[in-house]
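Since the structure comes first, as structure tokens, the remarks are kept for the end.
The values are calculated or read from the model by the stated rules, or taken from the named source; none is laboratory data. These numbers were taken from a predicted model, which means no experiment stands behind them. With ideal geometry, Cβ positions are generated from the backbone for all residues, glycine too; neighbour counts draw on all protein chains shown. Only protein heavy atoms, including side chains, enter the accessible area calculation; ligands, DNA and RNA are left aside. Shrake-Rupley method; radii C 1.70, N 1.55, O 1.52, S 1.80 Å.
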Amino acid sequence: MAGFMSMHDLAVTTTPVPDAGPIDVIWVRPQPSEDPDSQDVLIEHRAPTSWDDRIVRPAPEAVSLFWRFVREKWGIEALER
């Protein structure tokens, strides 16, 4: 997998990354909220086919949800530590 980060967002895709065209990306970003104390996280799969999925969960659930998306969309399993 390959990824990049901005100040608030993480984008991850599979490798090798194509030189051109739309790519399959999983985004992890804070969920916009009127509540300044909100810690909800948006996990979003953006597919070239437009079959996009997005789920919002509390921050403590974000890592497991991210790996669920990676497993379901790309068939990649997280390494056990």
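Assorted remarks:
- Note on segment 68-81: among residues that are farther than 15 Å from Val25 by Cβ and surrounded by fewer than 13 Cβ atoms within 10 Å (Cβ to Cβ), the one that is farthest from the chain's Cα centre (by Cα) is Arg81.
- Subset tally (residues that are in a loop (DSSP other than H, G, I, E, B), closer than 21 Å to Ile76 by Cα and in contact with a strand residue (DSSP E or B) (Cβ under 8 Å, 6 or more places away or on another chain)) for segment 14-46: 5
- Residue identified as free of Cβ contacts under 8 Å to residues at least 24 places away in the same chain and touching a Phe, Trp or Tyr at 6+ places or on another chain (Cβ under 8 Å) among Arg46, Arg57, Arg71: Arg46
- Test result for Asp24, open to solvent by 80 Å² or more (accessible area, probe 1.4 Å), acidic (Asp, Glu) and out of contact with any helix residue (DSSP H, G or I) (no Cβ under 6 Å at 6 or more places or on another chain): no
- Screening segment 30-51 for residues that are more than 15 Å from the chain's Cα centre (by Cα) and within 19 Å of Val63 (Cβ to Cβ) and picking the one that is least open to solvent (accessible area, probe 1.4 Å) gives Ser38.
- Picking from residues in segment 56-67 that are out of contact with any Lys or Arg (no Cβ under 9 Å at 6 or more places or on another chain) and among the aliphatic types (A, V, I, L, M), the one that is surrounded by the most Cβ atoms within 10 Å (Cβ to Cβ) is Ala62.
- Count of segment 4-18 residues, restricted to those that are open to solvent by less than 60 Å² (accessible area, probe 1.4 Å) and over 11 Å from Val28 (Cα atoms), is 2.
- Test: residue in segment 34-41 that is touching a Leu at 6+ places or on another chain (Cβ under 9 Å) and in contact (Cβ under 8 Å) with a residue 12 or more places away in the chain: yes
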